[in-house]
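Trainee: The structure that follows is given in the form of structure tokens.
The values are calculated or read from the model by the stated rules, or taken from the named source; none is laboratory data. Predicted model, so just to flag it, every value in this text is computed and none were measured. Here the Cβ is made from the backbone with ideal geometry for all residues, glycine too, and neighbour counts use every protein chain on show. Ligands, DNA and RNA are excluded from the accessible area calculation, which covers all protein heavy atoms including side chains. Shrake-Rupley method; radii C 1.70, N 1.55, O 1.52, S 1.80 Å.
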Amino acid sequence: MNMSEFVRGSTMRVSSGRQQGGRRAVANIVCRDFPKPDFESTKPFQEMQEASQWLKDAPRPERPLNVVIAGAGLAGLSTAKYLVDAGHKPIVLESRDVLGGKVAAWKDEDGDWYETGLHIFFGAYPNMMNMFKEMNIEERLQWKEHSMIFAMPDSPGEFSRFDFPDIPAPLNGVIAILRNNQMLSWPEKIQFAIGLLPAIVFGQSYVEAQDHLTVTEWMKQQGVPSRVNDEVFIAMAKALNFIDPDELSMICVLIALNRFLQERHGSKMAFLDGAPPERLCQPIVDYITARGGEVHMKKGLKNIALNEDGSVKQFDLLNGESIQGDLYVSAMPVDIMKKLMPDAWYQKPFFSKLDKLKGVPVINIHIWFDTKLTTVDHLLFSRSPLLSVYADMSTTCKEYYDEEKSMLELVFAPAEKWIGRSDEDIIEATMKELERLFPTEIAADQSKAKIRKYKVIKTPLSVYKTVPGCEECRPSQKTPISNFYLSGDYTKQRYLASMEGAIYSGKLCATQIAKDWNTTSLPTPLFSSKELETASSS
């Protein structure tokens, strides 16, 4: 039996929330991939498509500039991709032997992949969707049913669903919420909706103005019942930034909700059909090198050497080499950028304000079981104290597909108190949580499903911790240093710390370089006028 036949024919039981004869009704879910949404007709996709085209159509520079980029994560590769489109020669330097940065993955001794995180591609990622289209790899996204599925802590083994009908936004989201009666009562739904009205009416300006509040503080201010926090926001906060609502800035949640409520396919999710370094990053590298760019692995940055005027002279590498270029870009995580920042730059407010931005610890776990678990072909919000989201990758992803044995990938968060603990302690705690999620199939003592092997991947400093007050500290891609630029999801762009934010920051960085160096009369692209005006004023 081939995979498509198996996936389309398999079903599982999930609580629908309806009551029949005093008992909880059970619904069958057909596990299968769904067609790619019609992104091409949406305004966000078209705006970012125009942004990509703008770089290709930009007047060619007098000569291609050699732009040295530190970091081959999504931000660095995106910067390089769009720089070659603009007529320049990027030289990407990666410290490790694997592409991807925060989406890196490795193979174990058995040839099985393990990843730094459980990566989900949302419909609200227009730059990412354009990147897939531009690389001609759209078929590598496995789109799932338009639903958000939450585990029910008080009903082990059952799930509560928000199913989005295929109608325009925001009606599809409203109906999805109204049809779910397990997690919120009608009065709670109404109060929640009233609390969200300002964000819906006033948009981005209102959203950014809430950066001084945590999620829990915003809820109190808006009169949203505390049970909304327990039922929805705890899971959402941990999925968005790996921390709890009493720490997370409300701007993070509102940006996600705004995209989900305003875009028909915004909350629709897809899994990549394999490991990101091979299935996403390598095609971008091939695109770059085919057009004259370079990507070098195991070329870690040791020092940023300066000229007397404070501009960059060269990048000194850990292996003793020095690389010189016309321009330089840091596409490294903010914590590494701060560590390597020259002392002379730190005196400038533009750079010193980066102190506020600090990476959050996160732990990603892979557990290979000796049997096939009854689960869902989708991302699941665990709503447990220790776990954020999880998925049975043996069902959701072609590369990891296994008809007979499950491989669960789980995000352990918040991880601050656990990042220093042993792998054995983390797996023991995880199994206790899984026993609650799969009571008939998993026992903490492995008397039921048995662990064949596991991997615990710790990232002490992942995406920046989106606590209140961070938004004003995020730097533009253009810096006060004439030949130095920034790229990364922590830089100023509308999608915060995410894969989309990383890709978009690279596009903005390349656009700023083209605006500064291709020709002095180059018009500002409409798609990013606000971002580029912010950059120029900085």
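Trainee: Which of the chymotrypsin sites (Phe, Trp or Tyr not before Pro) found in the range 368-410 are loop residues per DSSP with 16 or fewer other Cβ atoms within 10 Å of their Cβ? Please list the in-between numbers first.
Mentor: Values: sites: TRP368, PHE369, PHE381, TYR390, TYR400, TYR401; in loops: TYR400, TYR401.
Passing both the DSSP loop test and the Cβ count: TYR401.
Trainee: With labels modelled as points extended 7 Å from the Cα through the Cβ direction, what inter-label distance (nm, one decimal) is found for LYS56 paired with TYR346?
Mentor: Roughly 4.5 nm, to one decimal.
Trainee: Ratio of the range 291-345's C-alpha Rg to 2.2 N^0.38 Å, to two decimals? Working shown, then result.
Mentor: Working: Rg = 11.7 Å, N = 55, 2.2 N^0.38 = 10.1 Å.
Here the Cα radius of gyration is 1.16 times the empirical estimate.
Trainee: OK, next. Which GluC sites (Glu not before Pro) in the range 380-462 sit in a loop by DSSP (not H, G, I, E or B) and have at most 10 other Cβ atoms within 10 Å of their own Cβ? Show your work: numbers first, answer last.
Mentor: Numbers: sites: GLU399, GLU403, GLU404, GLU409, GLU416, GLU424, GLU428, GLU433, GLU435, GLU441; in loops: GLU399, GLU403, GLU404, GLU416, GLU441.
Here the sparse-neighbourhood loop sites are GLU404.
Trainee: Given H placed on each backbone N at 1.01 Å, which residues far from GLY359 in sequence or on other chains put an amide H within less than 5 Å of it?
Mentor: ASP335, LYS465
Trainee: Something else now. Say R0 is 25 Å: what FRET efficiency, to the nearest 0.05, do LEU178 and GLU138 get from their beta-carbon distance? Provide the component values of the computation, followed by the final result.
Mentor: Details: r = 33 Å, r/R0 = 1.31.
Using R0 = 25 Å, I get an efficiency of 0.15.
Trainee: Right, another one. Which FRET efficiency, nearest 0.05, do ASP370 and LYS107 yield, Cβ-Cβ r, R0 22 Å?
Mentor: Numbers: r = 21 Å, r/R0 = 0.95.
Calculated value: 0.60.
Trainee: I need the calculated FRET efficiency for the pair ASP445 and ASP355, taking r as the beta carbon distance and R₀ as 56 Å, to the nearest 0.05. Present the calculation step by step, with values, prior to reporting the outcome.
Mentor: Numbers: r = 46 Å, r/R0 = 0.82.
About 0.75, to the nearest 0.05.
Trainee: Any chance you could run the full-extension gain for ALA209 through GLU399? It's 0.36 nm times the residue separation minus the Cα-Cα distance, nm to one decimal. The partial results should precede the final answer.
Mentor: Details: separation 190, 0.36 × 190 = 68.40 nm, distance 4.26 nm.
Stretched fully, the ALA209-GLU399 segment lengthens by 64.1 nm.
Trainee: What is the Rg over Rh value, at two decimals, for the range 330-391, using alpha-carbon atoms and the Kirkwood definition of Rh? Provide the component values of the computation, followed by the final result.
Mentor: Values: Rg = 19.8 Å, Rh = 15.7 Å.
With Rh from the inverse mean 1/r over Cα pairs, Rg/Rh is 1.26.
Trainee: Here's something else I'd like to know. Assuming a ≥ b ≥ c are the square roots of the Cα gyration tensor eigenvalues, decide whether the range 256-328 counts as rounded (a/c under 1.5), prolate (otherwise, with a/b larger than b/c) or oblate.
Mentor: Working: a/c = 2.98, a/b = 1.88, b/c = 1.58.
Prolate.
Trainee: Taking each pair of different alpha-carbon atoms in the range 438-519 once, compute 1/r for the pair, average those values, and report the inverse of that mean as the Kirkwood hydrodynamic radius in Å to one decimal. All intermediate terms of the calculation are to be shown ahead of the outcome.
Mentor: Values: mean 1/r = 0.0619 Å⁻¹.
Computed over Cα pairs of the range 438-519, the Kirkwood hydrodynamic radius comes out at 16.2 Å.
Trainee: Turning to a different aspect of this structure: When you take every Cα atom in the range 307-443, what is the radius of gyration, and what is Dmax, the widest Cα pair distance, in Å?
Mentor: Just the Cα atoms of the range 307-443 yield Rg and Dmax of 22.1, 68 Å.
Trainee: Still on this structure, please answer the following. How far, in nm, would the chain grow between ARG452 and ARG494 when pulled straight, counting 0.36 nm per residue and subtracting the alpha carbon separation?
Mentor: On the way: separation 42, 0.36 × 42 = 15.12 nm, distance 4.21 nm.
Length gained between ARG452 and ARG494: 10.9 nm.
Trainee: On average, how much accessible surface per residue is there in the range 368-408, in Å², for a 1.4 Å probe, leaving out ligands, DNA and RNA? Please report the intermediate quantities before stating the final value.
Mentor: Details: 1120 Å² over 41 residues.
Here the per-residue accessible area is 27 Å².
Trainee: Quick one: compute the contact order of the chain, relative version, from alpha carbon pairs under 8 angstrom and 6+ residues apart, as a percent. Present the calculation step by step, with values, prior to reporting the outcome.
Mentor: Values: 1106 pairs, mean separation 112.5, N = 538.
It comes to 21 percent, rounded to a whole number.
Trainee: For the chain, give the percent of accessible area contributed by carbon and sulfur heavy atoms, probe 1.4 Å, rounded to a whole number. Walk me through the numbers on the way to the answer.
Mentor: Values: 10820 of 21560 Å².
Whole-percent figure for carbon plus sulfur exposure: 50.
Trainee: Assuming a viscosity of 1.567 mPa s and a temperature of 4 °C, what translational diffusion coefficient in µm² per second does Stokes-Einstein assign to the chain, Rh being the Kirkwood radius over Cα pairs? Write out the running numbers ahead of the final one.
Mentor: Values: Rh = 24.1 Å.
It diffuses with D of about 54 µm²/s by this estimate.
Trainee: In whole angstrom, and with the biggest value first, how far do the Cα coordinates of the range 66-147 range along each principal axis?
Mentor: On the principal axes, the range 66-147 reaches 43, 34, 18 Å in Cα extent.
Trainee: Roughly how many Å² is the accessible area per residue of the range 37-154, as a whole number, for a 1.4 Å probe? Walk me through the intermediate numbers first.
Mentor: Numbers: 4080 Å² over 118 residues.
Per-residue accessible area for the range 37-154 comes out at 35 Å².
Trainee: Give me the distance in nm between label points sitting 7 Å out from Cα along the Cα-to-Cβ direction at GLU321 and PHE34, one decimal.
Mentor: 4.7 nm
Trainee: Give, to the nearest whole percent, the P(r) tail of the range 21-173 beyond 18 angstrom, counting all Cα pairs. Numbers along the way, then the final one.
Mentor: Values: 8435 of 11628 pairs.
Pairs farther apart than 18 Å: 73 percent.
Trainee: Quick check of the Kirkwood formula: for the range 118-175, what is the inverse mean of 1/r over all pairs of different Cα atoms, in Å?
Mentor: Numbers: mean 1/r = 0.0721 Å⁻¹.
Computed over Cα pairs of the range 118-175, the Kirkwood hydrodynamic radius comes out at 13.9 Å.
Trainee: Now for a separate question. Based on the mean of other beta carbon atoms within 10 Å per residue, what is the order of 257-269, 43-55, most packed first?
Mentor: Top of the packing list down: 257-269, 43-55.
Trainee: For a test of the definition: using alpha carbon positions, the gyration tensor, and the 1.5 limit on a/c, classify the range 28-104 as rounded, prolate or oblate.
Mentor: Details: a/c = 4.49, a/b = 1.39, b/c = 3.22.
Oblate.
Trainee: At SER185 and LYS417, where each label point lies 7 Å from the Cα along Cα→Cβ, what is the point-to-point distance in nanometres?
Mentor: For SER185 paired with LYS417, the spin-label model returns 3.0 nm.
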